Amino acid sequence: MARLLIVTPEGQQERELVAVNSVGRHPNNTVQLLDRIVSKEHCIIEVRAGRYVLRDLGSLNGTYINGQRVAGEQWLNDGDEVALGNTRMVFRESNGAAPVAQPPFGQGTAPFNPNYPAPNQQPVAPPVAPQAPIAAQAPSVPWANSAPPVAPQPPVAPVAPVVNPPAAPNKPAGMTMIGAVAQAKVTITSSMLESHVRSKIAAAAQQFLPEKSIVDVEALRRDYEKLRIAYELQRAIGAELDLDKLLEKILERAFDLLAADRAAILLYDESKTLSPRAIRTRKGVDEPFVVSTTILHQVEKERVATLSSDAMLDPRFSQAHSIIMQGIRSSMAVPLLFKGELQGVLVVDSQISTNAFGEKDLQLVTNIANQAALAIANATLARQIQRDAVARERFQRLLSPQVAQLVLDGKVEVKQGGVSTEATMFFSDIRGFTSMSEGMNAEDIVSMLNDYFERMVEIIFKYEGTLDKFVGDEIMALFGAPVSHPDDPIRCVKASLVMIDGLREFNTERAAAGKIGFEIGIGINTGKVVAGYLGSSKAMQYTVIGAPVNLAARLCSQAKGMQIVISEQTWLRVKDHFEVRELEPVKPKGIAQPVRIFEVLREKA
């Protein structure tokens with residue numbers, strides 16, 4: 001009696017062969033292989049004309065004899081090694097005896113192919129993939145004129161030649177890992193139920209019947225419950241603008257609706273890549289969840305919902321390592337579409353039931369996904385509006401309204417981390433402010449500074465400068481960052497002259513109200529600086545740093561009341577526009593060489 005020596009990772013065993021032997025993962029097979037990569041009904045080993053022949057049942061992973069893939073059928077010889085998935089088998093003839101000699105393959109002697117009639121047989125119908133394991137039967141069908149009878153076999157779909165599958169990498173490719181460590185080895189599963197799954201997916205979507213057509217009360221109750229949950233989902237998520245809470249509610253309702261083990265929502269991140277934003281598992285948040293990019297690419301490419309009654313056998317996912325690794329039996333992936341734009345994907349799966357989800361479930365989840373996509377779009381828009389409002393408020397405190405809008409529109413770039421640029425720095429402070437404030441109460445000081453700052457900042461914005469900061473009574477402003485103009489030094493000096501005139505008017509108003517006035521000194525310098533956002537992750541400020549900034553501050557301290565002092569670098573850029581008077585060179589603290597400075601008198605006619 002011929003036998004198989006079966007070698008698995010768990011050990012080895014020996015099985016005697018009968019006339020017809022079905023081999024596969026299903027327990028009803030003659031030889032059951034507990035190998036996830038092996039199909040439910042993988043192949044048949046049967047007696048044919050006094051010797052054994054192996055017939056592959058259309059498995060995608062295939063059956064290999066001595067390293068060569070079987071294309072249809074192949075005779076077995078003593079010592080042949082048969083490979084199915086991770087399982088290895090050695091075929092042995094009885095007592096090692098040589099098999100009965102047979103003529104070469106030809107008419108009446110070649111391995112049986114059910115798609116072509118044998119002699120004395122009528123042509124058979126087009127092949128259909130087998131749905132159940134094949135049990136041994138009594139011989140009943142003649143083979144050839146001199147051949148012994150054999151058991152009839154159900155027709156099998158033709159098998160297209162497939163190259164040997166590549167070895168699995170150490171980390172499975174094409175998947176997004178969520179809370180799990182990649183398996184060291186993953187192999188592709190088979191798809192022998194190809195035609196069954198395809199026909200089910202291609203079937204017309206079931207519609208909810210009119211009330212008069214319903215005779216099954218229980219079916220009516222089930223449909224009503226699903227519609228009720230969908231309605232409640234809309235009510236629950238309709239007004240939710242917090243994206244994280246919104247996604248959590250969507251998955252919560254999806255679990256109420258479906259017999260799912262796990263669900264996830266993936267949205268596009270800043271790099272335009274789908275990444276998980278919300279995950280829910282029935283067993284707990286620590287359960288590993290792997291989302292295959294095979295499913296995601298299917299939904300992204302076709303923009304349609306995908307339903308698989310058994311994902312391990314669905315040919316569309318035949319290359320999905322992650323599906324095989326987890327053994328998902330039922331899955332749905334639904335696009336989140338809003339105005340034709342794909343915002344993300346809702347993925348739901350079940351590891352227990354082969355038919356956990358039906359076409360009507362897919363219909364309902366698609367409707368929920370449409371509602372969810374609208375809610376996600378609203379939440380995203382609300383967050384964008386909020387961010388724009390905060391940014392607009394921040395920029396409008398630093399920039400003129402026109403420049404702030406340019407920044408918000410993306411027409412002017414403000415980089416975090418800093419960029420090198422040429423700018424003109426402006427510093428001004430009140431002369432004798434400390435002694436003056438000693439004779440005033442705090443409320444009057446604050447009121448005076450607010451009125452003064454309001455007028456000065458308005459002038460800075462008029463000439464499209466940038467307010468950097470207030471330090472006590474000091475104002476720091478920038479001309480040339482983040483928005484630059486060819487005449488930034490000229491704008492800065494013009495603004496300074498207008499500020500002096502504005503302060504004189506301000507002092508006149510204060511004198512009329514019986515209040516004291518004050519004077520300011522202004523220092524201006526131009527040079528290369530680094531401009532950008534500086535600070536901590538919780539508090540950042542747009543500013544400039546560099547030696548030219550320090551020199552501008554030093555010139556401000558050199559200026560007398562109502563005096564504008566500029567550096568030589570600024571004078572070289574504005575000398576054709578303003579009347580100036582050169583002052584004695586100064587040697588500010590921290591600067592080795594004396595610096596030429598100039599007092600701005602007036603604008604040239």
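The values are calculated or read from the model by the stated rules, or taken from the named source; none is laboratory data. Just so it is clear, the structure is predicted and the values come from calculations on it, not from any experiment. Note that we place each Cβ from the backbone using ideal geometry, even for glycine, and neighbour counts take in every protein chain shown. Note: accessible area is taken over every heavy atom of the protein model, side chains too, but ligands, DNA and RNA are not part of it. Shrake-Rupley method; radii C 1.70, N 1.55, O 1.52, S 1.80 Å.
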With a Förster radius of 60 Å, plug the Cβ-Cβ distance of Gln593 and Glu270 into 1/(1 + (r/R0)^6) and report the FRET value to the nearest 0.05. 0.80
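Pulled fully out, how much extra length does the chain show between Leu209 and Glu582, if you take 0.36 nm times their separation in residues and subtract their Cα-Cα distance? Working shown, then result.
On the way: separation 373, 0.36 × 373 = 134.28 nm, distance 9.39 nm.
Result: 124.9 nm gained on full extension.
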Could you list, bin by bin from short to long, the percent of Cα-Cα pairs of region 482-559 in 10 Å steps? 15, 32, 31, 18, 3
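Take the Cβ-Cβ distance between Ile445 and Ala512 as r, set R0 to 25 Å, and report the resulting FRET efficiency rounded to the nearest 0.05.
About 0.80, to the nearest 0.05.
Over 18 Å between Cα atoms: which of Lys469/Lys587; Lys575/Lys604; Lys245/Lys301 fall into that group? Before the final figure, lay out each step's value.
On the way: Lys469/Lys587 26 Å; Lys575/Lys604 9 Å; Lys245/Lys301 29 Å.
Distance filter (> 18 Å) returns Lys469/Lys587; Lys245/Lys301.
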Once label points are set 7 Å from the Cα along Cα→Cβ at both Asp78 and Val217, what is their separation, rounded to one decimal in nm? 7.2
Under the rule of at least 5 residues apart or a separate chain, name every residue whose amide H is placed under 5 Å from the amide H of Gly532. Val419, Thr543
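Could you do me a favour and compute the accessible area per residue for region 483-539, 1.4 Å probe, result in Å²? Before the final figure, lay out each step's value.
Values: 2660 Å² over 57 residues.
On a per-residue basis, 47 Å².
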Grab the beta carbon distance between Tyr224 and Lys245, set R0 = 35 Å, and tell me the FRET efficiency rounded to 0.05. 0.80
Give me the percent of Cα-Cα pairs in region 462-605 that sit more than 26 Å apart, rounded to a whole number. 28
Which of rounded, prolate, oblate describes region 423-483, given a ≥ b ≥ c as roots of the alpha-carbon gyration tensor eigenvalues and a/c under 1.5 marking rounded, otherwise prolate only if a/b is larger than b/c? prolate
Can you compute the modelled spin-label distance between Glu359 and Arg455, with each label point 7 Å from Cα toward Cβ, in nm? 8.0
For region 1-75, what does the equivalent ellipsoid look like in terms of its semi-axes, each the square root of 5 times an eigenvalue of the Cα gyration tensor, given largest first in whole Å? 18, 16, 12
Net charge (Lys, Arg +1; Asp, Glu -1) of residues whose beta-carbon lies under 14 Å from that of Leu84, Leu84 excluded, is +2
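Within a Cβ distance under 12 Å of Lys604, other residues only, what is the Lys/Arg minus Asp/Glu net charge?
On the way: positive: Lys494, Lys575, Arg602; negative: Asp576, Glu579, Glu603.
In short, 0.
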Taking the Cα atoms of region 432-546, report the difference between the largest and smallest coordinate on each principal axis, in whole Å and largest first. 44, 34, 20
For region 558-605: rounded, prolate or oblate by the Cα gyration tensor [a/c cutoff 1.5]: oblate
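For the pairs Lys272/Lys339; Lys494/Lys560; Lys462/Lys528, note any where the Cα-Cα span goes beyond 21 Å. Can you show the working numbers first?
Working: Lys272/Lys339 18 Å; Lys494/Lys560 18 Å; Lys462/Lys528 24 Å.
From the list (Lys272/Lys339; Lys494/Lys560; Lys462/Lys528), the Cα-Cα distance tops 21 Å for Lys462/Lys528.
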